[in-house]
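*Asks:* So that we are looking at the same thing, I have put the structure below in structure tokens.
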Amino acid sequence: MTIKNICCIGAGYVGGPTMSVIAQKCPNIKVTVVDINEDRIAAWNHKDLSRLPVYEPGLDKVVEEARGRNLFFSTEVDKAINDADMIFISVNTPTKTYGKGKGMAADLKYIELCARQIARVAKQDKIVVEKSTLPVRTASAIKSILENTGNGVQFQILSNPEFLAEGTAVQDLLHPDRVLIGGDTTQEGQKAIQALVDIYANWIPNERILTTNVWSSELSKLTANAFLAQRVSSINAMSVICENTGADINEVSKAIGMDSRIGPKFLKASVGFGGSCFQKDILNLVYIAKTYGLDEVADYWEQVVLMNDYQKNRFSDNIVSTLYNTVSGKKITFFGWAFKKDTNDTRESAAIKVADNLLSEKANLSVYDPKVTEERIYADLDYLNSRSEEENRKLLKVQNNPYNAIKNSHAIAILTEWDEFKTYDWQKIYDNMHKPAFIFDGRGILDTKALSKIGFICYKIGSATTV
Ligand code: UDX
Ligand code: UDX
Ligand code: ADP
């Protein structure tokens, strides 16, 4: 079976970049990305490539090459479904905010809507690919909806979890460590798997394309994210011990990372992990474990999230206690709001929780992030419902220039590891702040020795405070 026409439902951080790269690498396949959000589709179609809705290094070039050739962004969902041989589902699966499994289970309402829509529209056999991160056994729910509400056509369901990390999405898509495809063990299932393998084989070496059964594929995605997040929580747990003992977390990371069984990646202590996946996927795993009565397993993984909450809270607590136990009316500048560098995504960013804690202490915040919009920052805070929208806007100001942002600040907190922060004129910044001038480096990116020579009092995560 050769795929000629692909539709992807959901033009977000996963669907947009993934389909752009598939279109770039497979010029003979027509790829249509659809979304119900008209503004988002308009932004994907924007002439000015700096206005794409997702910021990713290199993405503009890929879109420029493929868009209008064999890559299309549209709101005509039914038409795209009908025309496609293969349909990717890339819609969001947030944590449930209501009912059973509230705060833990994945909310599958968007997935279910997609499945029903596909069932209603499809007039010929289709391969449906789960791209969103989903709880194990979602494929069987999708299959049941498709088969029981459809027009009698055949569906094959594949699980093809996305492992790209934001900020490096294009590189991760071009050179993935592996591509994982899960499908039925039946002959039809194997044919569908092969059709998807053939697409990736256009640019990915065969030995990096793994095929498994559907459940293994779904569970591998949750497991990979749980392991990665666990490494961050583990190193963050050690960062507190370092601060109390005089050990230095960067030295510890280096020393343990050289053990080939441990490896050097994902050992950077931070103010806490964020992003749309880690917390959601772990809570999802916890919920699955509880569903099977596996309380010990559930508690084990939940601790990774609890440690992350602790890390965010202790960062803001430390700011308050260092600033003589009160930040009321004091100006604190945040450098960074995104959950990591090189993305405009802020979902679950540590900055949100740290800001909320400091606003509850009546601090005045000034925020500068190179890529995140003012609307996004206020929306993130308003969503927490901790205080009125007016108060959020009164207490927190968003700035588009770092040197204006810091004027008359008592302290600067680094929340995202943007490279540009390292090359600022820190003497000029110091001269424009209240004294003593404090820096709280939540990402361990600044040269605190040089900064303390200027006169700053520096706290760096996992290191002794330098004066
Ligand atoms: C360990 C450390 O590896 C070593 O660096 C340190 O100096 C001493 O402690 P050791 O206990 O001798 O060494 O063996 P190791 O290979 O680490 O295995 C420890 C236990 O973990 C064994 O029971 C092993 O069977 C088990 N294990 C290890 C697993 O169950 N699964 C694995 O993937 C690896
Ligand atoms: C993650 C997975 O890496 C990716 O495979 C999956 O498809 C989606 O979830 P993403 O959330 O985009 O990707 O970014 P990632 O690089 O994993 O970082 C997640 C968070 O952990 C960020 O807030 C980052 O700053 C933090 N982190 C990461 C650390 O604090 N220390 C580290 O050493 C690594
Ligand atoms: P992710 O990081 O998983 O890509 P995003 O929230 O960035 O998540 O993107 C998911 C996209 O899916 C959103 O743009 C949303 O509008 C879209 N979406 C959700 N449900 C549907 C649906 N039923 N039909 C079309 N698009 C949908």
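*Asks:* Would you please classify the overall shape of segment 1-123 from the alpha carbon gyration tensor, given that a ≥ b ≥ c denote the square roots of the eigenvalues, rounded means a/c under 1.5, and beyond that prolate means a/b larger than b/c while oblate covers the rest?
*Replies:* Verdict is oblate for segment 1-123.
*Asks:* Out of every Cα-Cα pair in the chain, what percent are more than 33 Å apart?
*Replies:* Counting every Cα pair in the chain, those more than 33 Å apart make up 41 percent.
*Asks:* From the protein chains alone at 1.4 Å, what is the descending order of accessible area for GLU56, GLU147, GLU296, largest first?
*Replies:* GLU296, GLU147, GLU56
*Asks:* Tell me the relative contact order for segment 5-204 as a rounded percent, counting alpha carbon contacts under 8 Å between residues six or more apart.
*Replies:* Working: 360 pairs, mean separation 41.5, N = 200.
RCO, segment 5-204: 21 percent.
*Asks:* In whole percent, how big is the carbon plus sulfur part of the accessible area of segment 338-467, probe 1.4 Å, protein atoms only?
*Replies:* 45 percent
*Asks:* Shifting gears a bit: Taking H placed 1.01 Å from N in the peptide plane, check which residues at least 5 places from ALA413 or on another chain put their amide H under 5 Å from its amide H.
*Replies:* Here the answer is THR333, PHE334, PHE335, PHE440, since their amide H atoms fall under 5 Å of that of ALA413.
*Asks:* Follow-up. Say the cut-off is 31 Å between C-alpha atoms; which of LYS25/LYS254; LYS221/LYS362; LYS265/LYS428; LYS25/LYS47; LYS280/LYS407 go over it?
*Replies:* Checking Cα-Cα distances, LYS25/LYS254; LYS221/LYS362; LYS265/LYS428; LYS280/LYS407 exceed 31 Å.
*Asks:* In addition: Going highest first, how would you order 438-448, 419-429, 185-195, 208-218 by mean Cβ packing within 10 Å?
*Replies:* Descending packing order for the listed peptides: 438-448, 208-218, 185-195, 419-429.
*Asks:* Additional query: For the peptides 384-394, 345-355, 58-68, what is the packing order when you average, over each peptide's residues, the other Cβ atoms within 10 Å and list the highest mean first?
*Replies:* In decreasing order of mean packing, 384-394, 345-355, 58-68 become 345-355, 58-68, 384-394.
*Asks:* Follow-up. In whole Å, how far is the Cα centre of segment 334-367 from that of segment 1-67?
*Replies:* The two parts, judged by their Cα centres, are 29 Å apart.
*Asks:* Okay, next question. Taking a ≥ b ≥ c as the square roots of the Cα gyration tensor eigenvalues, with a/c under 1.5 meaning rounded and otherwise prolate when a/b beats b/c, else oblate, which class fits segment 23-62?
*Replies:* oblate
*Asks:* Right, here's the next one. For LYS460, give me every one of the aspartates and glutamates with a C-alpha distance below 16 angstrom, ignoring sequence neighbours fewer than eight places off in its own chain.
*Replies:* In chain and number order, the partners are GLU243, ASP248, GLU251, ASP317, GLU417, ASP441, ASP447.
*Asks:* A further question follows. As a check on your grasp of the helix formula, calculate [θ] at 222 nm for the chain: sum -39500 (n - 2.57) over DSSP H runs of n ≥ 4, divide by the residue count, round to the nearest 500.
*Replies:* -13500 deg cm²/dmol
*Asks:* With the full set of protein chains in place, find how many percent of the accessible area of segment 5-204 is carbon and sulfur; take the probe as 1.4 Å.
*Replies:* That fraction is 47 percent.
*Asks:* Accessible area per residue, 1.4 Å probe, Å², for the chain: what's the number?
*Replies:* Values: 20880 Å² over 467 residues.
Spelled out: the 1.4 Å probe surface of the chain, per residue, equals 45 Å².
*Asks:* Per residue and in Å³, how big is the convex hull formed by the alpha-carbon atoms of segment 210-307?
*Replies:* 121 Å³
*Asks:* Would segment 5-204 count as rounded, prolate or oblate if I go by the C-alpha gyration tensor, calling it rounded below 1.5 in a/c and otherwise prolate when a/b exceeds b/c, oblate otherwise?
*Replies:* rounded
*Asks:* Now a separate question. Modelling each spin label as a point 7 Å along the Cα-to-Cβ direction, I'd like the HIS46/GLU64 distance in nm, to one decimal.
*Replies:* Distance between the two pseudo-spin positions: 1.6 nm.
*Asks:* Between ALA464 and GLN154, with labels modelled 7 Å along Cα→Cβ, what's the label distance in nm to one decimal, could you check?
*Replies:* 7.1 nm
*Asks:* Let me ask something else about it. Taking a cut-off of 12 Å between Cα atoms, list the aspartates and glutamates near LYS4, but don't count ones fewer than 8 places away on the same chain.
*Replies:* Reachable aspartates and glutamates: ASP83, ASP85, ASP198.
The values are calculated or read from the model by the stated rules, or taken from the named source; none is laboratory data. Model, not experiment: these values are computed from the prediction. Using ideal geometry, Cβ is built from the backbone for each residue, glycine included, and neighbour counts are taken over all protein chains shown. We work out accessible area using only protein heavy atoms, side chains counted, and drop any ligands, DNA or RNA first. Shrake-Rupley method; radii C 1.70, N 1.55, O 1.52, S 1.80 Å.
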